[in-house]
Amino acid sequence: MSIEAIRIHETGGPGVLRLDTLDLPDPGPGQIRIRHTAIGVNFIDTYHRSGLYPLPLPSGIGLEAAGIVEALGDGVTTLKEGDRVAYGSGPVGAYSQAHILPAGRVARIPDGVSDEQAAALMLKGMTVRYLFKDTYALKAGDTILFHAAAGGVGQIACQWAADMAVTLIGTAGSDEKCEIARQKGAAHVINYSRENVVERVREITGGRGVPVVYDGVGKDTFEMSLDCLAPRGLLATFGNASGPVTGVNLGILTQKGSLYVTRPSLMHYVASDEDLAANTADVFDAVARSAISIDINQRYALADAQRAHEDLEGRRTTGASVLVP
Ligand code: NDP
């Protein structure tokens, strides 16, 4: 079967994203073929494209999409043709009209959730879920710092924290973005392009600092994040929007209060089909309870993936971006 797909033949800027025509084989044993109806765009896709997270080339790109089951391989009994499904943990190749995946890596989309919503929030929702429940088990009454709070992952974090009675201090790069984070449930917002984050966090927490900082910005916020922690606090540095954190002298963790740092990835928290199913169920439960939703503020044609990456890396987006195949 012939399909159109965005692929990379070399790593680099958004210009290396190419629309190719491919032959998609029939699904093998245990696999399904999904006809995509909506595709999620995530910052991790830009790391695959740039080569920060290397892939064997040429490669498809994109880890998240929703669509209709169109064909089943031998032995698949959990799904049937016509089912509405979504996935948010790959394998890479979501920027395409159709994709082949192991049946155990997809979830049925519940009634009441649109394909677009599922494609926009599975990866981001699962990320917030593992960060809040597994990386550091938040409890009601905790106060946390979450960077880039008006972004895709950030908006879900603001809502999920509010639902857990957690006080979230959110940062963002403009007053408009701060206002979005506040509307999504951030109890306090800090414009980190003009305010002193460490001072504000100390003020809000009565001088103590927070027990955990969630930092998807990376290089530019690393030091500041450590300075916002209470003694023995945890920095979960989970992304590189401003570039990767490198060359850290571990001695600073002692100096700043016997701190912990972890560099987690969703892929390790949903590696088994069972963990994936449990995480997905929690995300869809949060959607069903209206605890979380996602604003899809940018839509692009599949062939326009380059512009989607330019806007995301140019900090011109809020909420989620989707590609329409
Ligand atoms: P976002 O929608 O949050 O976009 C990234 C945001 O980061 C921007 O909008 C911008 O917000 C902020 N930012 C700060 N500095 C820069 C910079 N120099 N260049 C670009 N952006 C910058 O993206 P996602 O929701 O897709 O992902 C958020 C983060 O979470 C990413 O780092 C991503 O890699 C990470 N992630 C990690 C996962 C994991 O398991 N480890 C899983 C999923 C996501 P502002 O203008 O307000 O500063």
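Some observations on this one:
Each row is one residue, and each column tells you yes or no for (1) within 14 Å of the ligand (Cβ to nearest atom); (2) closer than 24 Å to R7 by Cα; (3) open to solvent by 10 Å² or more (accessible area, probe 1.4 Å).
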residue	(1), (2), (3)
A277	no, no, yes
V283	yes, no, no
A286	no, no, no
R289	no, no, yes
A301	no, yes, yes
A308	yes, yes, no
G314	yes, yes, yes
S321	yes, yes, no
P325	no, yes, yes
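- Exactly one residue out of G112, G104 is at pLDDT below 95 and open to solvent by 30 Å² or more (accessible area, probe 1.4 Å), and it is G112.
- Test: residue in segment 6-16 that is on the phi > 0 side of the Ramachandran plot, in contact with a Gly (Cβ under 7 Å, 6 or more places away or on another chain) and modelled with pLDDT of 95 or more: no
Conditions (1) within 15 Å of the ligand (Cβ to nearest atom); (2) within 18 Å of the chain's Cα centre (by Cα); (3) modelled with pLDDT under 95; (4) within 22 Å of T143 (Cα to Cα), marked per residue:
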{"position": "I190", "(1), (2), (3), (4)": "yes, no, no, yes"}
{"position": "N196", "(1), (2), (3), (4)": "no, no, no, yes"}
{"position": "G216", "(1), (2), (3), (4)": "yes, yes, no, yes"}
{"position": "M224", "(1), (2), (3), (4)": "yes, no, no, yes"}
{"position": "P231", "(1), (2), (3), (4)": "no, no, no, yes"}
{"position": "L235", "(1), (2), (3), (4)": "yes, yes, no, yes"}
{"position": "P264", "(1), (2), (3), (4)": "yes, yes, no, yes"}
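- Filter result for E81 (within 16 Å of the ligand (Cβ to nearest atom), touching a residue at least 12 places away in the same chain (Cβ under 8 Å), of a type outside the set (A, V, I, L, M, F, W, C) and under 17 Å from I109 (Cα atoms)): no
- Selection of segment 237-262 for residues being under 22 Å from the mean Cα position of the chain (by Cα) and of a type outside the set (S, T, Y) yields F238, G239, N240, A241, G243, P244, V245, V261.
- Among the residues of segment 147-176, those that are open to solvent by 10 Å² or more (accessible area, probe 1.4 Å) and within 18 Å of N42 (Cα to Cα) comprise A148, G151, G152, V153.
- When residues of segment 247-262 are limited to those that are touching a Leu at 6+ places or on another chain (Cβ under 7 Å) and in a loop (DSSP other than H, G, I, E, B), the one farthest from the ligand (Cβ to nearest atom): G257
The values are calculated or read from the model by the stated rules, or taken from the named source; none is laboratory data. These numbers come from a predicted model, not from an experiment. Please note: Cβ atoms are built from the backbone with ideal geometry, for glycine as well, and neighbour counts cover all protein chains shown. Accessible surface areas use protein heavy atoms only, side chains included; no ligands, DNA or RNA. Shrake-Rupley method; radii C 1.70, N 1.55, O 1.52, S 1.80 Å.
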